[in-house]
Structure formats: C-alpha cells, structure tokens
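**Student:** One structure coming up, written as structure tokens, with questions to follow.
Any read-out appearing in this document is the output of simple, stated calculations on the displayed coordinates, not a laboratory observation. All values reported here derive from a predicted model rather than from experimental measurement. Here the Cβ positions follow ideal geometry from the backbone for every residue, glycine too, while neighbour counts run over all protein chains shown.
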Amino acid sequence: MLDGRGSIRRRSGARLWLSGLWLALFVLAAVLAPLISPQDPLAQDLMLGRLPPAWMAGAEPGYWLGTDSLGRDVLSRIVYGAQVALVVALVAGTVTCAIGSALGLVAGFYRGWADRLIGRLVDIWMAFPPVLFAILLIAVLGTGLCSVILAIVIIDWTRFCRVVRAETLNQSKMDYVHSAKVAGFTRLRTLLAEILPNVLPTIVALLTLEMGIAVIVEAILSFVNLSISTDQPTWGGMIAEGRTSIYQAWWVLVFPLIALFLTVLSFAQFGEGLRERFDPVLR
Amino acid sequence: MSAFLEIRGLSARLAGTGQRLLRSVDISLPVGAVRGLVGESGAGKSMIGKAVLGVLPKAVEIMEGEILLDGQDLQKVKPAERRRLVGAKVALIPQDPLTALNPSRRIGPQITDRLVDILGWTKASAAKRALEVLAEVSIPEPERIMRLYPHELSGGMRQRILIASAFAAEPRLIVADEPTTALDVTVQKQILKLISALQSRHGTALLFVTHDLGVVSKVCDTLSVLYAGKVMEDTTVERFFAAPRHPYSKALLAATPRHTDPAASLLPVPQAVIDGAMAEVAAADAAWSAHGG
C-alpha cells in the first residue's frame, strides 16, 4: 500500500517536473520574445539563406538553429511563434473548457429535455470531420487570431461536453448526492458544491489536453495558410515553409516540429500529473 | 400517543409498465418509536423510506395515499416546501458509507453545511454542534477528523460520521436504510448499539429498513413485514418473535440463522407460502380495481 502510493507520487512528480519545465520555458519564450530572440524573426537576407545549425559545417555565429530559404533565423521565429501558440492555447483552451463543461454538467445532472437537446447537438457536431470543419469556418469567419480561436471553440466544445456529462452522470448516482437531496439542498447547490468538485480533476486534465490540441489545430490552420497574417511567425507556418526545402535544409522543418511536439506532449503530461497530485481519491 | 409519521393507503407503481410496487401500505410511527420494515429484496421496504424522504426514482409514480409527517400531508405541499419540511425534520442514515460521503470534500463541512445553509445556524454554532455529535458517536479527536477526507477513514468510522451527521440537526425522524449491510459483522453490532443509544437518548423516531430479522429484534419496537409491496403483518417485536401470525412471517423467521439450532434454521421460504402470499396480493389488487382505481 505504502509502496504503491510512493511510486505513484514519484512518477507524477517527474512527469509534473519535466512537463512543467518545458511549459515554463515556452511561456517565458513567448513573453520575453523581443528580449531573448537573437535575430529579428522577419529580417530577410538572401546571402544568409539556408544556413545550417550552429554545430554543422558552414554555420554562421548568431544563427543557432540555422536559417530558412529567405535567410530568416529559425530560433528567433520559433521563439516568436510561441506567442501565437500560447495565446491560442490559453484563450481557446479556457473558453472551450468553460462552454463544454457547463453544457456537460447541465446535461448530466438535469437530464430530461436539456440532456436530449445537448446530446443531439453533440451527435450532429461529431459527424463533421474536425479539420475540414475548421477550414470551412475560417473561410466564413476570415483569417486572424480571433477567428482561429473561435473556430477551435466551435469545434472542440463537444470533447468536454461528452466527458463531463458522463462523469456528472456517474457522480449523480452516488449516495452523497442522494443525501444532499434529502438534506434539502437545492439542485443548483448540489451540482456546484457537491458534484463539481468531483468532476473538477477530470476537467483540469481535459483542459490541459485541450490546450495542446488548440496548439495543434492552430498549426494545422497555419500549415494550410488559413491562420494569421504572414508577418507573425507561427510554428505551423514554419513547418509548411520548411516542407518545400526538406532535402536542402531539414532544420527549417524539424525544429518547429520538435517545439510543437514537446509543447503538446507537455500539456497532456502536465494535466495528467496535476490530476494525480490533486485528486483526493487517487491520492 | 400521536403518530409522528403516518402512512395511509400508499400505493405506487412503475410509470412505464404499470407494475405495482406498493399496495395500500399503512404504517404508523409514534414520536420516539422504532419500527422495522422487513422483507426480501424487492419487497418495497426501501421504496417506503424513499417515499417519505421524497427521493423516489422518477419512474416510480405514487397512485394514491397519504404520507403525514407531524400531521402534514407531504403529498399536498409544493416541492420546495416539502424539501424544507423534510430537510428540517427528517434525516437519513444511508446504506453504503463508502459513497454516502462526498469523496472530494472534507468531513467537517459535510456535517455543518446542512445546519448552516438549510437550518440557518451560525458557522460557529454548527461547528460546535458537529464536534458534539462526533464525540457522541465515540469518534476520537473530532477536530482532526473534521479536517480529513472520507478516504482517509475506515468504513465503520464513516458510518459513525454519517450517524452523527444524521443526528446533528436533532431531527424528529430518521430513516435508516440498511445501515449495517455494507459493514463487517463485528462493526455491525457496534453501529447498531450506537444507533439504538442515540435514538433513545434523543427521542427520535426511527424507521429501520432491513432484511435482517436479527437486527430488528435488537433495535425495533414494532415491525411491518412486507411482501410484494404489501404489508403482510404489522405487530410488535415481542409478539412477532414469540408467535408470528402470518404464514409468510413464519417462513421468514424460519429462514433466519439461529445459534441454538443450526439444522432447523436457514430454511427457504416454502413455495406454498409464497403462493399464499401472492394470492393475497392478487386479491388485494382485484379489490382495488373493483373499487375503481
């Protein structure tokens, strides 16, 4: 028993630490981009095109991760790209979480017509292929950061809604909910004070997962050139540009890809680690 | 002695299939008395407790009958008023202590919330009262326990806390729904003693739902034997254990294990008795249909 608890704590400890470290780096890069990026991310210099990373032959000092075909510094563009990724992760993640969770709580607790209505809506939503749906939405809403965030919210609220509804339904059957009813508490109070704290660990884990997904969706939209204007570097945009010169300059594609991968992975691991640490039942 | 809880002619059915769940049940419980509701699973004993508390599943429909609590017919008051009435005068000791406490909240607020939010006590007096009742159910270091989460306590401790919580607001009636079924046999006995002691000290009426006749003999004054939602026998505990009148009661008693004569105990209820009971139920249904229900 003691061993089991210890090992869970150790595992979640390392997980929290490593993913937290990367996320802290990510946030710092986004916030301090103008101060820490070694070059202007937009400055083009065809004489410095496709420079390799610092440790390879032919590298120039000051361009640590090389340059793309227009001579722009890859590291600086990754650092600036973190800005878009961070805003999208925070805003789109939070709004999606709030809307989806609220609908899920209502559907799972009150059941009846609210549940049927929300359930049908989710069914219809899920029938759309998400990426095509996003592209279609952007086509209607126009490009720009707000449109990207709105598109993510509109597509992904169902993820929260389904899971939170199922979890709420589970909790509603527990005796403590029954007891709250006998004690004379209102339904709303039972939902917010009794059920929500038990669903919260799930919501938090989903929220961090969703932040990662939001970063990916933004990258996909950038990849198909439907995200935001070209004078703000984005990871998806860098990957799209790097694709064309992958045989001559692989670094243009690979480094933003690694940044994207580590960020999405860290969000998911961080959420899972938080849940293990703070869920009183698991703890 | 006037009855605190009086159930008259309560009938209920499943809304979908129309299957009868309760058949004209009459139960009377004087102030401070203890009545056992016994029967097999599905006999409707829990259903009666739920009807009193107003927490019947949505699929169950009450067809007719009165539930008088302190002279007031609960069927006739508005839902919000009913919730307030029941919340103030009735408490529940639930069956499963493992799920009856909210796993993600500390013990303290789970006892005091009801006193503060529903009954309008001050936080300080509610906390003081919680400490009192926890001490009354022999919980050591109540201050510390109130800061713990349910999973940090054993099943027996949790059931004590639920009992303390039920008595905290000095309710006039407590519905105990199989409160010892989920516990170890050794803990069961202590919990029963505890419920009994608190009940007589506080003068609370107790509706004790159980399938265990041994429990009834220890705790109850009177009992109702239920079969298929119908009260087969309504008698005092002494009379029942001395000489049960109804054949079904006799068979139920014979099916209970006894230390003195292990060979003669644990008999299944004979088919003839079940047939007899079913015939009685069918006759009651026929009479009910005839009078235009």
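**Student:** Would you pull out the residues with amide H under 5 Å of B:MET232's amide H, same chain only if 5 or more places away, H placed 1.01 Å from N?
**Tutor:** Sorted by chain and number, the residues that satisfy this are B:VAL225, B:LEU226, B:TYR227.
**Student:** Could you give the angle, 0 to 90 degrees to the nearest 10, between helix B:155-168's Cα long axis and the longest principal axis of the Cα atoms of chain B?
**Tutor:** The answer is roughly 90 degrees.
**Student:** Amide H to amide H, which residues 5 or more places from B:LEU21 or on other chains are under 5 Å from it, using H placed in the peptide plane?
**Tutor:** Distant-sequence amide H within range of B:LEU21: B:ALA12, B:ARG13, B:LEU14.
**Student:** Under unit Cβ charges (Lys, Arg +1; Asp, Glu -1), what dipole magnitude, rounded to 20 debye, does chain A have relative to its Cα centre?
**Tutor:** Computed charge dipole of chain A: roughly 1200 debye.
**Student:** In the protein assembly as shown, what percentage of the DSSP-assigned beta bridges are antiparallel, given to the nearest 5?
**Tutor:** Taking every DSSP beta bridge with both residues in the protein assembly as shown, the antiparallel ones total about 55 percent.
**Student:** Right, next: Over the whole of B:76-87, what's the average partner chain Cβ count within 10 Å per residue? Rounded to a whole number, please.
**Tutor:** The mean count of partner-chain Cβ atoms within 10 Å per residue comes to 2.
**Student:** Averaged across the residues of B:102-115, what count of C-beta atoms belonging to other chains lies within 10 Å of each residue's C-beta?
**Tutor:** 4
**Student:** Please give the net charge around B:ALA197, taking every other residue with its beta carbon less than 14 angstrom from that of B:ALA197, where Lys and Arg add +1 and Asp and Glu add -1.
**Tutor:** +4
**Student:** I've got another one for you. Only helices at least 24 Å long along their own axis, judged from Cα atoms, and with Kyte-Doolittle mean hydropathy of -1.0 or greater: name those in chain A from DSSP H.
**Tutor:** A:2-31, A:93-110, A:145-172, A:196-223, A:251-278
**Student:** Another question, then. I'd like the orientation of helix B:185-202 relative to chain B: the angle between its Cα long axis and the longest Cα principal axis, in ° from 0 to 90, rounded to 10.
**Tutor:** 80 degrees
**Student:** While we're looking at this one, here's another question. If you project the alpha carbons of segment A:2-278 onto the principal axes, what extent comes out on each, in Å, largest first?
**Tutor:** Taking the Cα atoms of segment A:2-278, the three principal extents are 78, 53, 30 Å.
**Student:** Of all beta bridges DSSP finds with both residues in chain B, what is the antiparallel percent, to the nearest 5?
**Tutor:** For chain B, the DSSP antiparallel bridge percentage is about 55.
**Student:** Where in segment B:1-22 does the amide nitrogen come within less than 17 Å of the point 7 Å from the Cα of B:THR181, taken along Cα to Cβ?
**Tutor:** Backbone N within reach: B:22.
**Student:** By average Cβ neighbour count within 10 Å, what is the ranking of B:24-37, B:146-159 from highest down?
**Tutor:** Those peptides, ordered most packed to least, come out B:24-37, B:146-159.
**Student:** Let me ask another. Going by average Cβ density within 10 Å per residue, which order do the peptides A:47-55, A:82-90 take, highest to lowest?
**Tutor:** Ranked from most to least packed, the peptides come out as A:82-90, A:47-55.
**Student:** Taking θ = phi - 60°, what integer Hz values does the Karplus form 6.51 cos²θ - 1.76 cosθ + 1.60 yield along segment B:14-24, in sequence order, with x for Gly and Pro?
**Tutor:** For segment B:14-24, the Karplus curve yields 6, 4, x, 8, x, 5, 6, 10, 10, 10, 6 Hz.
**Student:** Quick check on the exposure proxy: order A:TYR110, A:TYR176, B:TYR227 from fewest to most C-beta atoms within 10 angstrom.
**Tutor:** Lowest count first: A:TYR110, A:TYR176, B:TYR227.
**Student:** Compute the long axis of helix B:123-136 from its Cα atoms, compare it with the longest principal axis of the Cα atoms of chain B, and write down the angle in degrees, 0 to 90, nearest 10.
**Tutor:** Rounded to the nearest ten degrees, it is 60.
**Student:** I need B:LYS50, B:LYS58, B:LYS123 ordered by Cβ neighbour count within 10 Å, fewest first.
**Tutor:** Least to most surrounded, the residues fall as B:LYS58, B:LYS123, B:LYS50.
**Student:** Calculate the mean, over all residues of peptide A:169-177, of how many other protein chain Cβ atoms lie within 10 angstrom of the residue's Cβ.
**Tutor:** What the average comes to for A:169-177 is 4.
**Student:** Please figure out what share of the DSSP beta bridges in segment B:106-247 is antiparallel and state it in percent, rounded to the nearest 5.
**Tutor:** Here the antiparallel bridges make up roughly 55 percent for segment B:106-247.
**Student:** Mind listing the long-range amide H neighbours of B:VAL34? Cut-off is under 5 Å, sequence gap 5 or more, other chains count too, H placed in the peptide plane at 1.01 Å from N.
**Tutor:** Excluding prolines and chain starts, which carry no amide H, the hits are B:LEU206, B:ASP221, B:THR222.
**Student:** I want the local charge near B:ALA135. Using Cβ-Cβ distances under 15 Å, sum +1 for each Lys or Arg and -1 for each Asp or Glu among the other residues.
**Tutor:** My count for the surroundings of B:ALA135 gives +1.
**Student:** Can I ask one more? Can you give me the Cα centroid spacing of segment A:141-155 and segment B:55-84 in angstrom?
**Tutor:** 51 Å
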